[in-house]
């Protein structure tokens, strides 16, 4: 039994090491991939612009729920005016980056993993290698960079729409004073809070995109293998995102 | 060709929207971002016995009009007092030298801010000047303590008077 435990532990350590080696390999290849910037633009479109609708819709609903719950809670203390502060800080620091990363893993991460996994399964990656085209450089790095560029922007859009959602419920429906909603927010949200959100979403962008391309690239070249890679992408991205979120929050405090 | 053009357009729109959102977050939800080009300003300081929970960035106002912000809070080891440096916008350049600075609270649970009350002097505060007349933050515990002491003092003679009668 201890032997089993040890073997599973060493197995996960090996895959963590491989993940880091894969990341280093991607970073080394970044300068050469920048030459074909049109590929990166295409991937920013795939990862970012195509995720826009789901991000905006979810941001709106999360903001509206925050407005409603925050209003109910703050009303007990007679300080509904702090609603703007509460929702803005919650969205910018935590919910924006984290929920965006989870949605990104579900919307763009799965697409990346299954796309690259299918290329592996249909031997397209091997064909590229035969034509002396490095698949890492041609396929993997542009997708990785696309995700890294798209994530902070998506998180910012999420937070923005969320704040407007909270304003919609708080000010328009619950009649919190519009002036104090915005002015209390301005007085208590600091640039440090926004920076924390940006740093978080950048790191989540790297981790989620890395996991997606890694799982796709190393997928078992069968139909089942591609399916497993997609599932693992979502599960691993979610766990790593929440774990890193705790770490970064602790560092910023 | 047309396809690639549409793709670039979509990407461009996405980037624009993303950066617009970032710009909005940094300028409209925070207190700092609003001043893009740095407005001309001058700094004045004041020493307080107790600043309560006054924070850097708190507004400085006169008659309710915001004239500047607190830029730093330090400690003077000679006088054992807090030194508060305030940055006042240059357009408000006629604050008399004998003005009075007090720390007030916004609402019941709001943050602290500094309120200036104009004095009667003919000369005006300049950069690096100091306001000498200050009033500390209103600390609820002290006030309750004072109230209790006064209450005890006022009731004690009455009680003893009752006994003699």
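Annotations
- Taking region A:37-83 as the range and being out of contact with any helix residue (DSSP H, G or I) (no Cβ under 8 Å at 6 or more places or on another chain), over 21 Å from residue B:29 (Cα atoms) and facing chain B (nearest Cβ under 10 Å) as the test, the residues that pass are A:77, A:78.
- Residues satisfying the criterion are present in region A:21-36 (criterion: within 14 Å of chain B (Cβ to nearest Cβ), at pLDDT below 90 and surrounded by 13 or more Cβ atoms within 10 Å (Cβ to Cβ)).
- Boolean, residue B:4 is within 30 Å of residue A:38 (Cβ to Cβ), exposed (fewer than 14 other Cβ atoms within 10 Å of the Cβ) and either touching a helix residue (DSSP H, G or I) at 6+ places or on another chain (Cβ under 9 Å) or in contact (Cβ under 8 Å) with a residue 12 or more places away in the chain (or both): yes
- Complete set of residues in region A:151-164 that are at the interface with chain B (Cβ under 8 Å from one of its Cβ atoms) and free of Cβ contacts under 8 Å to residues at least 60 places away in the same chain: A:152
- Within region A:202-211, the presence of at least one residue that is within 14 Å of another protein chain (Cβ to nearest Cβ) and either surrounded by fewer than 24 Cβ atoms within 10 Å (Cβ to Cβ) or touching a helix residue (DSSP H, G or I) at 6+ places or on another chain (Cβ under 8 Å) (or both) is confirmed.
- Any hit, region A:100-113, residues being buried (at least 24 other Cβ atoms within 10 Å of the Cβ) and either within 12 Å of chain B (Cβ to nearest Cβ) or more than 30 Å from residue A:228 (Cβ to Cβ) (or both): yes
- Count of region A:218-234 residues which are surrounded by fewer than 21 Cβ atoms within 10 Å (Cβ to Cβ) and over 30 Å from residue A:249 (Cβ atoms): 9
- Taken together, A:139, A:148, A:133 contain a single residue that is away from every other protein chain (no Cβ under 14 Å) and within 14 Å of residue A:41 (Cα to Cα), which is A:139.
- Meets criteria (under 30 Å from residue A:81 (Cα atoms) and not assigned by TED's automatic domain parsing to the domain that holds residue B:30) for residue B:102: yes
The values are calculated or read from the model by the stated rules, or taken from the named source; none is laboratory data. On a predicted model such as this, the values are computed, not experimentally measured, just so you know. All Cβ positions, even for glycine, are placed from backbone atoms using ideal geometry, and neighbour counts span all protein chains on display.
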